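Visitor: Provided herewith is a single structure, encoded as structure tokens, for subsequent inquiry.
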């Protein structure tokens with residue numbers, strides 16, 4: 001058994017450029033270990049690994065007994081049309097150490113989403129400008145004030161936290177009563193103070209209001225994870241996705 005374990009970290013990045021990829025090397029022994037690191041990038045398919053580049057020597061690191069070292073390197077990843085898995089294979093001289101799995105996505109998943117990419121059907125209230133950079137101006141309608149909620153006639157309204165303008169529960173409820181789905185993103189302190197989950201759904205008549213933490217969509221323009229979360233929230237709000245118990249093939253209802 002190798003004294004070094006590469007810990008699994010889910011890496012989600014956009015293709016078509018260089019991304020910073022983190023790998024944790026953990027020493028499972030009590031003794032110091034030196035590693036002459038090199039790496040090689042592969043594209044994974046259902047049955048094969050295709051090399052993308054030649055092996056690249058990096059640097060020698062020292063991992064103390066029982067400790068871990070985080071190594072961050074720039075990896076150039078090609079543009080992709082759909083989610084594609086790449087493998088960064090690590091070596092210590094001639095010996096394989098393990099791998100880092102990288103999930104690569106096409107840039108701006110929001111534009112490719114059927115629920116968020118329909119022109120002018122989605123409204124965004126974002127006076128602080130934390131989210132608007134992730135959306136195309138062709139697909140989003142910017143609302144300048146919470147007073148604009150009353151005249152919004154689209155299918156989905158996204159409400160971002162605002163420092164200078166308070167959004168009232170009444171304005172959101174009235175919007176939902178007219179048949180508009182709503183994603184209401186809460187300031188960090190709101191959920192932390194009262195211990196609410198990261199997201200949950202409130203039914204208002206036949207419409208849904210999804211409450212979500214701001215931290216779940218942080219860095220929306222640059223983060224595939226945040227964009228996937230936003231798509232998930234939008235699908236919940238519009239009813240395209242339902243909350244359900246996890247499926248477990250080993251246990252049927254007969255065993256309950």
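Visitor: Once you sort the root eigenvalues of the Cα gyration tensor of the range 109-238 as a ≥ b ≥ c, which label holds: rounded (a/c under 1.5), prolate (a/b larger than b/c) or oblate (the other case)?
Guide: rounded
Visitor: If you don't mind, there's one more thing I want to ask. Only one of the values (i) 76, 43, 37; (ii) 66, 49, 38; (iii) 45, 39, 37 was calculated from this structure for Cα extents along the principal axes in Å; name its label.
Guide: Matching the structure shown: (ii).
Visitor: If I model a spin label as a point 7 Å beyond the Cα along the Cα-Cβ vector, how far apart are those points for residue 32 and residue 241 in nm?
Guide: Using points 7 Å along Cα→Cβ, the separation is 4.9 nm.
Visitor: Taking only C-alpha pairs under 8 Å that are 6+ residues apart, what is the relative contact order of the chain in percent?
Guide: Once normalised by length, the contact order is 15 percent.
Visitor: So, one more: How far apart, in nm, are the 7 Å Cα→Cβ label points at residue 120 and residue 178?
Guide: Inter-label distance under the simple model: 1.6 nm.
Visitor: Could the peptides 92-103, 225-236 be put in order, highest first, of the mean number of other beta-carbon atoms found within 10 Å of their residues?
Guide: Descending packing order for the listed peptides: 225-236, 92-103.
Visitor: Right, next: Give, in nm to one decimal, the length gained when the segment between residue 111 and residue 61 is fully stretched (0.36 nm per residue of separation minus the Cα-Cα distance). It would help to have the intermediate numbers written out before the result.
Guide: Details: separation 50, 0.36 × 50 = 18.00 nm, distance 4.19 nm.
Between residue 111 and residue 61, full extension yields an extra 13.8 nm.
Visitor: Another one. Can you give the helix-only mean residue ellipticity at 222 nm for the chain, where every DSSP H stretch with n ≥ 4 adds -39500 (n - 2.57) and the sum goes over all residues, rounded to the nearest 500 deg cm²/dmol? Intermediate values should be presented prior to the final figure.
Guide: Working: 4 runs with 35 residues, N = 256.
For the chain, the value works out to -4000 deg cm²/dmol.
Visitor: How far apart, in nanometres, would the label points at residue 203 and residue 83 be if each is projected 7 angstrom from Cα along the Cα-to-Cβ direction?
Guide: 2.9
Throughout, read-outs are computed from the coordinates displayed, never taken from laboratory work. Every value quoted in this text rests on a predicted model; they were computed, and no experiment measured them. Counting neighbours? That spans all protein chains shown, and the Cβs are built from the backbone with ideal geometry, glycine included.
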